[in-house]
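Scroll down for the structure; my scribbles are underneath it.
The values are calculated or read from the model by the stated rules, or taken from the named source; none is laboratory data. This one's a predicted model, so the numbers in the text were calculated from it and none came from an experiment. We place every Cβ from the backbone using ideal geometry, glycine too, and count neighbours over all the protein chains shown. When the accessible area is computed, the model is the full protein with side chains, heavy atoms only, and any ligands, DNA or RNA have been set aside. Shrake-Rupley method; radii C 1.70, N 1.55, O 1.52, S 1.80 Å.
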Amino acid sequence: SAVISQKPSRDICQRGTSLTIQCQVDSQVTMMFWYRQQPGQSLTLIATANQGSEATYESGFVIDKFPISRPNLTFSTLTVSNMSPEDSSIYLCSVSGGNQETQYFGPGTRLLVL
Amino acid sequence: SQQGEEDPQALSIQEGENATMNCSYKTSINNLQWYRQNSGRGLVHLILIRSNEREKHSGRLRVTLDTSKKSSSLLITASRAADTASYFCATAPIISNDYKLSFGAGTTVTVRA
């Protein structure tokens, strides 16, 4: 199993600003995923980030709003740009396990936008 | 996009009782997985059942899968206070080279001491 850390664990931000969330994995992984979990809701996939290629975004999510970097096999960042209160959510990164079937999740970043 | 629907949305039981939650999905799957989330933290993988399996056990967990009804159930036996969490089913499509999962809405389980 992979051990995943995220920074920051939580933040309170003003509308119109941007926040970059970091995801660090203790081993090299090919596929990383970024999810959003709105209050009391399930997980919604934002994008898949593979090292060496552009992130693939799901319907309803665009690169200008959620730019993603994947500079190497153990690290990724997600930026939430020009934030509004509707962006208040938990943001989670995950990686595929060795068999690529299961996923291991970071502890999440709890974001509140005022 | 979310594929799974779970019921009930919330469940409150006494310690020692069993908890059962159900998941239904819409399209053909390769496998179905269950995850647990404690207090808005990261998800923890519990168990995976493949489309050609009907039942699987792991400790106090029992998962069933009925592909004809496109449904699965998770049973937690002899519940403990530490089982208080949200439980999500997640499905992997039958044909996929991107390993994406679709998560259900989740069931919030509260185990009373």
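What is the average number of partner chain Cβ atoms found within 10 Å of a Cβ in A:38-45?
Average neighbour count from other chains, rounded to a whole number: 6.
Between B:T20 and B:K69, what is 0.36 nm times their sequence separation minus the Cα-Cα distance? Round to one decimal in nm.
Result: 15.9 nm gained on full extension.
Between their Cα atoms, which of A:K65/B:K26; A:K7/B:K26; B:K56/B:K100; B:K69/B:K100 are more than 26 Å away from each other?
In this structure, A:K65/B:K26; A:K7/B:K26 lie more than 26 Å apart at Cα.
Percent of Cα-Cα pairs per 10 Å bin, from 0 to the last occupied bin, for chain B, please list those.
Result returned by the calculation: 15, 49, 29, 6, 0.
Normalised by the number of residues in chain B, what is the relative contact order in percent for Cα pairs under 8 Å and 6+ residues apart?
On the way: 293 pairs, mean separation 44.3, N = 113.
Relative contact order of chain B: 39 percent.
Would you mind putting A:25-37, B:62-74 in packing order, based on average other-beta-carbon counts within 10 Å, highest first?
Per-residue Cβ counts within 10 Å, averaged per peptide and sorted highest first, yield A:25-37, B:62-74.
So if the hydrodynamic radius of the protein assembly as shown is defined as the Kirkwood radius over C-alpha pairs, what does Stokes-Einstein give as its diffusion coefficient at 4 °C and 1.567 mPa s, in µm² per second?
72 µm²/s
Projected onto the charge dipole of the protein assembly as shown (+1 at Lys/Arg Cβ, -1 at Asp/Glu Cβ, origin at the Cα centre), which of A:P85, B:T20, B:Q9 gives the Cα projection farthest towards the positive end?
Value: B:T20.
Just the number, please: percent antiparallel of the DSSP beta bridges in chain A, rounded to the nearest 5. Don't jump to the answer; show the numbers that get you there.
Working: 34 of 38 bridges.
Looking only at bridges with both residues in chain A, the antiparallel portion is about 90 percent.
From other protein chains only, count the Cβ atoms within 10 Å of every residue's Cβ in A:80-93, then give the mean.
1
Count charges around A:S89 for me, please; just the other residues with Cβ under 9 Å from its Cβ, Lys/Arg as +1, Asp/Glu as -1.
Neighbour charge sum, excluding A:S89 itself: 0.
In peptide B:100-107, what is the residue-averaged number of other protein chain Cβ atoms found within 10 Å of each Cβ?
Mean number of neighbouring Cβ atoms from other chains: 5.
What is the calculated FRET efficiency for B:T77 to A:I63, with r their C-beta to C-beta distance and R₀ = 30 Å, to the nearest 0.05?
That pair, B:T77 with A:I63, gives E of 0.05.
Report in % the part of the accessible area of the protein assembly as shown that belongs to carbon and sulfur, leaving out ligands and nucleic acids; probe 1.4 Å. Spell out each step's value before the answer.
Numbers: 5020 of 10670 Å².
Reported share for carbon and sulfur atoms: 47 percent.
About its Cα centre, how strong a charge dipole does chain B have in debye, to the nearest 20, once Lys and Arg get +1 and Asp and Glu get -1 at the Cβ?
So the dipole magnitude of chain B works out to roughly 180 debye.
May I have the extent of the alpha carbons of chain A along their three principal axes, as whole Å values ordered from largest to smallest?
Reported extents, whole Å, longest axis first: 40, 25, 22.
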